[in-house]
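Enquirer: Got a structure here, written out as structure tokens. Questions coming.
The values are calculated or read from the model by the stated rules, or taken from the named source; none is laboratory data. All of these numbers come straight from a predicted model, not from anything done at the bench. Don't worry about glycine lacking a Cβ; one is built from the backbone with ideal geometry, like all the others, and counts go over all protein chains shown.
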Amino acid sequence: MTDQAEQGLPLLLSIRRAAIVCGAMAALLCGYAFLWSPNTFYGSSAGDVRDPALDLTTLYGRPFRLDSLKGHAVLVYFGYASCPEICSTTFLGLGHVLERLGSRKSEIETVFVTLDPVADTPDRLRQYLASFDPPPIGLTGSEVAVANAARNWNISWWRDKDSGLINHTSVVFLLDPRGRLRTRYSYSQLGDAEAVANDIRHVLD
């Protein structure tokens, strides 16, 4: 080997080492980009939910805590029993989702929070929710408590002065078995029951 070749060898080795290091770093960055993808769900971003807790009351007068459902995937919806259409069709859509999950639907809980706690007495709400399969857990509370819960979950609602009906945000939230809010579904997104079911399988696995 000539003196010139020997002098160039360290430089060549340094270049090779740098290339190997750069390649390894690029692979790691690609891996992290995949793992931390901002939205790996069919559903939309869950948004800025301030406090994913529901410190309300069951229809049997017992205090409710959302963390009591840990170990299950949880679907949460805000509505009211006199809702003329969208609340009922939302839960019918969720029924189609649960059908696609087969035996795994026992790993899922659904929760219905009334936005009209004065009109939705426990008896009335129990009767309304019994029409769905499976019946969701019904939650109520004082008007202030319900308003705070809805506000914390970014639910907008107002009562029409003429009809008395409540206009409200219609979205279903999905929490994983660890109680983390993962995604949400608009009324139209629930039309693809298989895509929603795949999201639920994802959080259960």
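Enquirer: List the residue pairs whose Cβ atoms are under 8 Å apart, where the first residue sits in the stretch 77-99 and is within 15 Å of residue 128 (Cα to Cα), the second is basic (Lys, Arg) and surrounded by fewer than 19 Cβ atoms within 10 Å (Cβ to Cβ), and the two are 6 or more positions apart or on different chains.
Expert: 81/124
Enquirer: Still on this structure, I have one more. Under 8 Å by Cβ, and 6 or more places apart or on different chains, what pairs join a residue from the stretch 187-205 that is at pLDDT below 95 with one that is surrounded by fewer than 14 Cβ atoms within 10 Å (Cβ to Cβ) and acidic (Asp, Glu)?
Expert: Every condition considered, no pair remains.
Enquirer: Would you say residue 97 is of a type outside the set (Ser, Thr, Tyr), surrounded by 10 or more Cβ atoms within 10 Å (Cβ to Cβ), modelled with pLDDT of 95 or more and closer than 19 Å to residue 177 by Cβ?
Expert: Answer is yes for this residue.
Enquirer: How many of the residues in the stretch 115-130 are touching a helix residue (DSSP H, G or I) at 6+ places or on another chain (Cβ under 8 Å) and under 20 Å from residue 76 (Cβ atoms)?
Expert: The number of residues fulfilling the criteria is 3.
Residues checked against (1) β-branched (Val, Ile, Thr); (2) over 17 Å from the mean Cα position of the chain (by Cα); (3) not assigned by TED's automatic domain parsing to the domain that holds residue 145:
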site	(1), (2), (3)
61	no, yes, no
68	no, no, no
72	no, no, no
75	no, no, no
85	no, yes, no
102	no, yes, no
107	no, no, no
111	yes, no, no
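Enquirer: Output the number of residues of the stretch 42-68 satisfying the condition of being under 15 Å from residue 182 (Cβ atoms), touching a Leu at 6+ places or on another chain (Cβ under 8 Å) and at pLDDT 90 or above.
Expert: In the first step, residues of the stretch 42-68 are kept if they are under 15 Å from residue 182 (Cβ atoms); the result is 42-49, 52, 66.
From what's left, touching a Leu at 6+ places or on another chain (Cβ under 8 Å): 43, 46, 49, 52, 66.
This time we only want the ones that are at pLDDT 90 or above, so: 43, 66.
Count: 2.
Enquirer: Considering 192, 120, 162, 133, which residue is in contact with a strand residue (DSSP E or B) (Cβ under 7 Å, 6 or more places away or on another chain) and either assigned by TED's automatic domain parsing to the domain that holds residue 64 or crowded, with 17+ Cβ neighbours inside 10 Å (or both)?
Expert: 120
Enquirer: When you go through 119, 145 one by one, which is the residue that is closer than 15 Å to residue 57 by Cα, in contact (Cβ under 8 Å) with a residue 12 or more places away in the chain and among the hydrophobic types (A, V, I, L, M, F, W, C)?
Expert: Going through 119, 145 in turn, just one is closer than 15 Å to residue 57 by Cα, in contact (Cβ under 8 Å) with a residue 12 or more places away in the chain and among the hydrophobic types (A, V, I, L, M, F, W, C): 145.
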